[in-house]
Amino acid sequence: MSDASEMTLEQREATIGGIGCARRRKEDVRFIQGKGNYVDDVKLPGQVFGDFVRSPHAHARIKSIDTEKALAVPGVLAVLTANDLKPLNLHWMPTLAGDSQAVLADEKVHFQNQEVAFVIGEDRYAVSDGVQAVEIDYEDLPVLVDPKQALAKDAPVLREDAAAKDDVGQGPRKHPNHIFNWDVGDKGATDKAFAGAAVTVKEDVLYQRVHPCPLEPCGCVASMDKITGELTVYGTFQAPHVVRTIVSLIAGLPEHKIRVIAPDIGGGFGNKVGAYPGYVCSVVGTIVLGRPVKWVENRIDNISTTAFARDYHMTGELAADEDGRITGLRVYVLADHGAFNAHAQPTKWPAGLFSIVTGSYDIPAAHVSVDGVYTNKAPGGVAYRCSFRVTEASYLIERMIDVLAQKVGLDKAEIRARNFIKPEQFPYTSCLGWDYDSGDYPRALAKVLDAVDYKGLREEQAEKRERGELMGIGIATFTEIVGAGPSRNCDILGIGMFDSCEIRVHPTGSAIARLGTKSQGQGHETTYAQIIATELGLPSDDIAVEEGDTDTAPYGLGTYGSRSTPVAGAAAAHAARKIRAKAQKIAAHMLEVAEGDLEWEIDRFKVKGLPEKVATMKQIAFAAYQSLPEGMEPGLEAVNYYDPPNFTYPFGAYLCVVDVDRLTGEVKVRRFYALDDCGTRINPMIIEGQVHGGLTEAFAIAMGQELIFDETGNIQGASLMDYFVPTAVETPVWETGHTVTPSPHHPIGAKGVGESPNVGGVSAFSNAVVDAFAHLDVTHMPMPHTPWRVWKQCEALGIGE
Amino acid sequence: MNKTAVKMTVNGQAVEGQVEPRLLLIHFLRENLGLTGPHVGCETSHCGACTVDLDGTSIKSCTVFAVQAEGASITTIEGMANADGTLSALQEGFMQEHGLQCGFCTPGMIMRAHRLLQENRDPSDDEIRMGLSGNLCRCTGYQNIVKAVRYAADKLNGRQEAAE
Ligand code: FES
Ligand code: FES
């Protein structure tokens, strides 16, 4: 067959729109016309609404619940309480971390705004009236807010249901409010490093309690078909397949009778990984009433009850020689998990991947110990735009290395360069056991320092200090661990954390791909198609990508922890390669040559040495349904379940410049430069967008976000009035750059990027603020760096007025 | 609860309904009219996801009652495309400049930007940022939203080449 088209190689490449091109997003067409389909847009015939009666108390015994008046409200159809769920054994549900969580408060409430009753009615307004009319009598109990008091002898026992258990899912406990201890590293070697060290530093570093706060809150619509016994649940699920398995396990319904659909999701950032009481109550509601039940939380419910992040009370210590070369790292963490251990981590990792805490540095000895405790706060502890506990870990080491720099009098860029894992050390095994796949940290840092004229900035800073002005330069050279993960060390409820892709090529040469992940704005419909386009030689415009429907997509573990590209992206490449292997056989048959005589070029197979004899992928697709080699199965499709051999280790070097007004405490971000290395870059436009978004979330966390509680457990400000979400006015302008160090074990060398900017960003902001005060012997300032707090620091130093 | 009759014009079409006086305009649009473009992100007038255009002003439809819109002329994102069905300059700008990710804030952003460009045909970047400060986005970091509005302003002011 001859090449009908006259296109040049470049033109053919451009037509494919594959890896590396900044193709515009396919999903945008519906969103910019108001035609997205988010969960609250789902409207099924006969649909009713449900909402919760929530506890005003943080810790109280429920003496009575009277639903009579609520049931008399016009339009109210049912009111569920724990007693109604008990016969179904659904008043408690298992958490991803091996604990259990009350679906509706059973005898006791454990945090403010906890779900106590579920009112179902014809519309939102009737339900709201019903919620007001439920009468509940509480008896106050002593409240535990401070995790440091949780393990005290006389601390109130929060979880009476679990008090006698010596394991609530993640190992032995030493107190009724204790959840687990996790200990990793070589304690002996670390102690020795500290004993003989020329320099040691120690700092208490709190990563405050924050909330991912996606613009769309969580919600679902559950619909039971009484005739067929089939349950359909639409919801804001970052991991729809896992939800199906959990629903099957909790509700005792056969898994094939459950269909979980995650429609368009309005941002997730970790908030939409967990299983929430609203989902369970909607399912029970539809089973009881035989009508679809919708539950959508409001913003206050979202911030105060569904999955918070962090609340890590860390103590970091570094040992070093007099040149600032680190010889040992010691970390203790007190982790506040709230009232139920419902954080979302791979099951065997009670502190997630926190042991990446050695960061980008070649540290010979380290020891980490983490205690998880209960308090009277909402459960959670999700990865807010980061891989499992990686932000916490990275923040700690990036803060501590600055503290060390100040102690030994070294420049903060220089101390990093001195301690970096060197490019020639890769693949590198850290002392805490991680196998870093690839990296070139010195190059990244050098590029950033050059781009911002670091020397000039330091000179300017010195001059300003002379004049009593405060200017700070913050650096973060972070390494992430993402793409969970290899099933030998990662599972959720016993299911290995693989992911999947199924591709079908249609006779006319277009295709559909389905994957086990679920985009919440990352642009999967665009980027997966690019991977497949390059591998298959079909235009990405002709490749439809579908996710989120468990009836059609292959099983996968979902989207969080930057795992989509590293895991499902690899599955897409492998599935496409299977198809190409079959295509090669078909091409050989079409061109009447041996398979080995063919070579691949962009979108076709060519006969070696006879460049005019070609079979394009489009031609092959048609042949796959019509003229096959003897004995070959028709069709052109493949599925791949990809169990990654390792995690990927994206990294970056960020630099932030701030000016601090000592009279008002206001911090102005003058400049922020972010260099990311995420390996092979699939779509530079989308990468840049992800970086902008992640930096903005990092800015919010470092500068203002915090969930505060008073001593009786009242959450202070769970609305957007108080909880800081920056507008376009406060948000700095971002500069970005990149280097490319491909992952050697990933089929296309990609590492994942969505979360890097949050991981590196928080440290860069915080380091910049502290650096502004470094000449005044300040080594640490707790986040968030609000004007009030910064001014308090100025005041303490006598420079506040 | 007693219902009241309301009449208004939405995206050029006359519509009417019988509503409870307490029904929010956002729910009237979404539930009664099936216009699910405007979203609810907070219900407290902070996020701007529910922004629509009412008689030539941007309003947050989560804090306006449907009855207050009696006789008003409303435009939602569903009414933003050009008369011939092609994308408006703003819609095009958001797509070309990657001004959206999850898309949840987008209908409100575009509606607000639309009004902003009526108020100020050629805003500076700072004016765009200030003009959109009632609308929150959790995904994009705003930089590309600013570019998207800039793209539309360039196009509307006949600086098409600059927008390419
Ligand atoms: S929903 Fe109206 S401003 Fe947030
Ligand atoms: S694109 Fe997700 S909130 Fe703006």
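The values are calculated or read from the model by the stated rules, or taken from the named source; none is laboratory data. Here the structure is a predicted model, which means the values were calculated and not measured. Here the Cβ is made from the backbone with ideal geometry for all residues, glycine too, and neighbour counts use every protein chain on show.
The table that follows gives values for the structure above.
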read-out: Search result, residues across the stretch A:603-617 that are crowded, with 19+ Cβ neighbours inside 10 Å and of a type outside the set (D, E); value: A:R604, A:F605, A:K606, A:V607, A:K613, A:V614, A:A615, A:T616, A:M617
read-out: Boolean, A:G433 is surrounded by fewer than 16 Cβ atoms within 10 Å (Cβ to Cβ) and away from chain B (no Cβ under 14 Å); value: yes
read-out: Meets criteria (surrounded by 24 or more Cβ atoms within 10 Å (Cβ to Cβ), more than 16 Å from ligand 2 (Cβ to nearest atom), part of a strand (DSSP E or B) and charged (D, E, K, R)) for A:R310; value: yes
read-out: Residue in the stretch A:536-543 that is charged (D, E, K, R) and over 27 Å from the mean Cα position of the chain (by Cα) present; value: yes
read-out: Checking A:G694 against (1) in a loop (DSSP other than H, G, I, E, B); (2) in contact with an Asp or Glu (Cβ under 7 Å, 6 or more places away or on another chain), the condition it does not meet; value: (1)
read-out: Among (1) in contact (Cβ under 8 Å) with a residue 24 or more places away in the chain; (2) surrounded by fewer than 19 Cβ atoms within 10 Å (Cβ to Cβ); (3) outside any loop (DSSP other than H, G, I, E, B) - the single one A:A222 does not satisfy; value: (2)
read-out: Residue in the stretch A:720-730 that is surrounded by 24 or more Cβ atoms within 10 Å (Cβ to Cβ) and within 14 Å of chain B (Cβ to nearest Cβ) present; value: yes
read-out: Residue within the stretch B:91-104 that is closer than 22 Å to B:A153 by Cβ, within 11 Å of another protein chain (Cβ to nearest Cβ), away from ligand 2 (no atom under 16 Å from the Cβ) and not β-branched (V, I, T) present; value: yes
read-out: Long-range neighbours under 9 Å by Cβ, at least six apart or interchain, first residue in contact (Cβ under 8 Å) with a residue 12 or more places away in the chain and charged (D, E, K, R) within the stretch B:122-140, second surrounded by fewer than 17 Cβ atoms within 10 Å (Cβ to Cβ) and assigned to a loop (DSSP other than H, G, I, E, B); value: B:D122/B:N157; B:D125/A:V733; B:R129/A:V729
read-out: Single residue of the stretch A:126-166 satisfying the filter (acidic (D, E) and without any contact (Cβ under 8 Å) to a residue 12 or more places away in the chain) that is nearest to A:G381 (Cα to Cα); value: A:D166
read-out: Hits in the stretch B:73-90 - residues which are buried (at least 20 other Cβ atoms within 10 Å of the Cβ) and more than 12 Å from chain A (Cβ to nearest Cβ); value: B:I74
read-out: Strands (runs of 3 or more DSSP E) within the stretch A:64-171 that include 1 or more residues within 25 Å of A:V288 (Cβ to Cβ) and within 31 Å of the chain's Cα centre (by Cα); value: A:92-94, A:100-102, A:115-121
read-out: Every residue from the stretch A:587-605 that is part of a strand (DSSP E or B) and closer than 13 Å to A:K618 by Cα; value: A:R604, A:F605
read-out: Boolean, B:R129 is of a type in the set (K, R) and either touching a Gly at 6+ places or on another chain (Cβ under 9 Å) or within 16 Å of ligand 1 (Cβ to nearest atom) (or both); value: no
read-out: Matching residues in the stretch A:456-472 - criterion: being farther than 15 Å from A:K412 by Cα and either assigned to a helix (DSSP H, G or I) or aromatic (F, W, Y) (or both); value: A:E460, A:E463, A:K464, A:R465, A:E466
read-out: Condition check for A:V116: in contact with a helix residue (DSSP H, G or I) (Cβ under 6 Å, 6 or more places away or on another chain) and at pLDDT 95 or above; value: no
read-out: Complete set of residues in the stretch B:57-113 that are more than 13 Å from the chain's Cα centre (by Cα), under 30 Å from B:R22 (Cβ atoms) and among the small types (G, A, S); value: B:A66, B:A69, B:G71, B:A72, B:S73
read-out: Among residues of the stretch A:7-46, those that are basic (K, R), touching a helix residue (DSSP H, G or I) at 6+ places or on another chain (Cβ under 7 Å) and facing chain B (nearest Cβ under 9 Å), counted; value: 2
read-out: Some residue of the stretch A:343-355 being part of a strand (DSSP E or B) and out of contact with any Cys (no Cβ under 9 Å at 6 or more places or on another chain); value: no
read-out: Test: residue in the stretch B:153-162 that is within 26 Å of B:S61 (Cβ to Cβ), away from ligand 2 (no atom under 15 Å from the Cβ) and surrounded by 24 or more Cβ atoms within 10 Å (Cβ to Cβ); value: yes
read-out: Failed condition for A:I401, given (1) crowded, with 24+ Cβ neighbours inside 10 Å; (2) within 30 Å of A:D166 (Cβ to Cβ); value: (2)
read-out: Exclusive hit being in contact with a His (Cβ under 9 Å, 6 or more places away or on another chain) and of a type in the set (S, T, N, Q), set B:T75, B:T63; value: B:T75
read-out: Tabulated pairs, the stretch B:39-52, first at positive phi, second near ligand 1 (Cβ under 6 Å from one of its atoms) and not in a loop (DSSP other than H, G, I, E, B), C-beta under 7 angstrom, 6+ apart or interchain; value: B:E43/B:C62; B:S45/B:K60; B:S45/B:C62; B:G48/B:K60
read-out: Some residue of the stretch A:87-107 being surrounded by 22 or more Cβ atoms within 10 Å (Cβ to Cβ), in contact (Cβ under 8 Å) with a residue 24 or more places away in the chain, away from chain B (no Cβ under 14 Å) and more than 23 Å from A:C220 (Cβ to Cβ); value: no
read-out: Any hit, the stretch A:527-534, residues being part of a helix (DSSP H, G or I) and small (G, A, S); value: yes
read-out: Filtered residue count, the stretch B:133-145, keeping only those that are more than 10 Å from ligand 2 (Cβ to nearest atom) and either closer than 22 Å to B:I59 by Cβ or surrounded by fewer than 24 Cβ atoms within 10 Å (Cβ to Cβ) (or both); value: 2
read-out: Residues of the stretch B:64-81 satisfying the condition of being closer than 13 Å to B:G108 by Cβ and within 15 Å of ligand 1 (Cβ to nearest atom); value: B:T76, B:I77
read-out: Pick from the stretch A:282-307, criterion in a helix (DSSP H, G or I) and within 14 Å of chain B (Cβ to nearest Cβ), ranking: nearest to ligand 1 (Cβ to nearest atom); value: A:R299
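To keep it simple, each residue is scored yes or no on (1) modelled with pLDDT of 95 or more; (2) assigned to a loop (DSSP other than H, G, I, E, B); (3) not assigned by TED's automatic domain parsing to the domain that holds A:R299.
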residue	(1), (2), (3)
A:Y723	yes, yes, yes
A:P732	yes, yes, yes
A:T736	yes, no, yes
A:V740	yes, yes, yes
A:V753	no, yes, yes
A:S763	yes, no, yes
A:N767	yes, no, yes
